[in-house]
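**Student:** Below are the structure tokens for one structure; questions will follow.
FYI, it's all coordinate maths here, none of it is from the lab. As the structure is a computational prediction, the values presented were derived from the model and not from experiment. Positions of Cβ are generated from backbone atoms using ideal geometry, with glycine treated the same way; all protein chains shown enter the neighbour counts.
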């Protein structure tokens, strides 16, 4: 009878279990959890970034296997982040929303020199100007990497902006030395967000990269459009009822003046309109002898029409109609007709 093979059981060291428990506890205490790429960040700068995040976010770096185990152990949807745990990464957690976290991490990035063998993240350009380097073999180094350089006025100068490497190209040792000599730092060092999980949603970095000013302008335009729609559709709300009442009052007053309806509220406007019409008529008569003495030589004034009598009210309308001026004009015409019918019924 052959002996059964010995069954081996994996023994997890105590320190690993404690590490996983600590990470899981951290994940449970925050509303948003993300995975960040820390590759290429020197230890000193990583510590500086950790200090800058203190009070708003917590960064935890550990072995990838332990990070995955902790994410799976929490089992609150966070296991979706395990697909981003590859290479040199860390876990970042915050009570801020994902958009705020992304903005904070992008703002914390700092310029850094690039080393030979690295891939250029953007086009590398040596700008036009004086390098501040005395004449010597360095001018040949510049020309060797593709910069337009020559000796002028006792120093080495770059005569025009020179793109020495396009984005995606590999940095050579010669180029790395030239950039270092010139103090050009063509890359940014910081925590690159790979994904964030918050409120049951997994966000990709490109979904979090929004233009705040453009987004605010879109919201303001939408609010203005909604207000215009409410006013033009005569749909009263807490924010538009004042404008609607003012508009209705202005239209009623305009109709009253146009139809010469006698009313104590319109008496001054009707008299002013009649006076303007009288003066216009007097000014059109060539024979001054035919005019009463008090009307001789008068200047034509602006008629007190319904439009001029309701300027104040129309200013309110203009504020409500900034986003849809053309549509508002058409709508106002229709509404004036409706107002005329209503007031016609009111006054018989």
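**Student:** Can you pull the three principal axis extents for the Cα set of segment 132-187, in Å, largest first?
**Tutor:** 36, 18, 17
**Student:** Would you please put 259-271, 211-223, 85-97 in order of how densely packed they are, using the mean number of other Cβ atoms within 10 angstrom per residue and starting with the highest?
**Tutor:** With the highest mean Cβ count within 10 Å placed first, the list reads 85-97, 259-271, 211-223.
**Student:** Multiply the residue separation of residue 128 and residue 54 by 0.36 nm, subtract the distance between their alpha-carbon atoms, and state the gained length in nm to one decimal.
**Tutor:** Working it through step by step, the gained length comes to 22.6 nm.
**Student:** Let me ask another. How much length is gained on full extension from residue 107 to residue 22, taking 0.36 nm per residue of separation minus their Cα-Cα distance? Spell out each step's value before the answer.
**Tutor:** Working: separation 85, 0.36 × 85 = 30.60 nm, distance 2.87 nm.
Stretched fully, the residue 107-residue 22 segment lengthens by 27.7 nm.
**Student:** Follow-up question, since we're still on this one. How far is the Cα center of segment 13-65 from the Cα center of segment 234-257, in Å?
**Tutor:** Result: 60 Å between the Cα centres.
**Student:** Normalised by the residues of segment 123-255, what does the relative contact order come to in percent, with Cα pairs under 8 Å and at least six apart?
**Tutor:** Relative CO of segment 123-255 lands at 17 percent.
**Student:** What length, rounded to one decimal in nm, is gained on full extension from residue 115 through to residue 211, with 0.36 nm per residue of separation minus their alpha-carbon distance?
**Tutor:** Residue separation times 0.36 nm, minus the Cα-Cα distance, leaves 31.4 nm.
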